[in-house]
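Here it is, the structure in full.
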Amino acid sequence: SQTIHQWPATLVQPVGSPLSLECTVEGTSNPNLYWYRQAAGRGLQLLFYSVGIGQISSEVPQNLSASRPQDRQFILSSKKLLLSDSGFYLCAWRQGPTEAFFGQGTRLTVV
Amino acid sequence: AQKVTQAQTEISVVEKEDVTLDCVYETRDTTYYLFWYKQPPSGELVFLIRRNSFDEQNEISGRYSWNFQKSTSSFNFTITASQVVDSAVYFCALSEAPKRSNDYKLSFGAGTTVTVRA
């Protein structure tokens, strides 16, 4: 069966520090991978998605970047965090037009 | 461009009442997919249902039912006889057919927070 792992679960980082959130999927090949952000009390904002290794589509220009170094690994990064980067980050995978399956999320607080 | 609108920000009901969540979508594609997800307080998104644009048949699953109407671009969700455990944020989502191979973008509405009071 397929599983998705996302870590860490919570993170508190100072302004200006770097960020690296990792997401890995098991039990499937060549999935579409997604990063979403949810600000407190808000909806899901699509940040990046990837249809294959090294292929990244950015939805919103911002302080973040994404990379897909391996088929089932998706990384969200920042060189210098801003206060506005705080939020709940969710990774998801899907195969074609099927439903997406989400990780448990990372709550990031930038202080 | 694809867009999903959930006009209801919050809904509060008393247990055993029915609650209907509205979802209106915009797309120029004839092939697309609609979804509903539940986000309980723990934060993880739970998949509830998928509908493709060629299947307008309504569906019932236990206390949940969905009404898909292409004529009004709506995909509404009803919880019958609500329970406290139904308290969560509910999201509607849309995925158009890919413009490139395997390029399936998935866009969510803003979500509706449902609070069921005992």
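Could you say whether any residue in the stretch B:49-58 is open to solvent by less than 70 Å² (accessible area, probe 1.4 Å) and of a type in the set (F, W, Y)?
no
Select from the stretch A:45-55 the residues that are open to solvent by 40 Å² or more (accessible area, probe 1.4 Å) and within 12 Å of chain B (Cβ to nearest Cβ) and list them in ascending order.
If the condition is that a residue be open to solvent by 40 Å² or more (accessible area, probe 1.4 Å) and within 12 Å of chain B (Cβ to nearest Cβ), then A:Q45, A:Q55 are the ones that fit.
Considering only residues that are aliphatic (A, V, I, L, M), assigned to a loop (DSSP other than H, G, I, E, B) and open to solvent by less than 40 Å² (accessible area, probe 1.4 Å), which ones fall in the stretch A:61-111?
Listed by number, the residues that qualify are A:L64, A:L81, A:A100.
Test of understanding: among A:R37, A:R72, which residue is under 21 Å from B:Y104 (Cα atoms) and within 14 Å of chain B (Cβ to nearest Cβ)?
From the options A:R37, A:R72, the qualifying one is A:R37.
Which one is farthest from the other protein chains (Cβ to nearest Cβ) among residues in the stretch B:105-118 that are open to solvent by 20 Å² or more (accessible area, probe 1.4 Å) and either without any contact (Cβ under 8 Å) to a residue 12 or more places away in the chain or assigned to a strand (DSSP E or B) (or both)?
B:R117
Still on this structure, I have one more. Just to be sure, is A:S77 closer than 21 Å to B:A97 by Cβ and under 13 Å from the mean Cα position of the chain (by Cα)?
no
The values are calculated or read from the model by the stated rules, or taken from the named source; none is laboratory data. Since the model is a prediction, treat every value here as computed from it, not as a measurement. Using ideal geometry, Cβ is built from the backbone for each residue, glycine included, and neighbour counts are taken over all protein chains shown. Ligands, DNA and RNA are stripped out before the accessible areas are found, and what is left, the full protein with its side chains, is counted by its heavy atoms. Shrake-Rupley method; radii C 1.70, N 1.55, O 1.52, S 1.80 Å.
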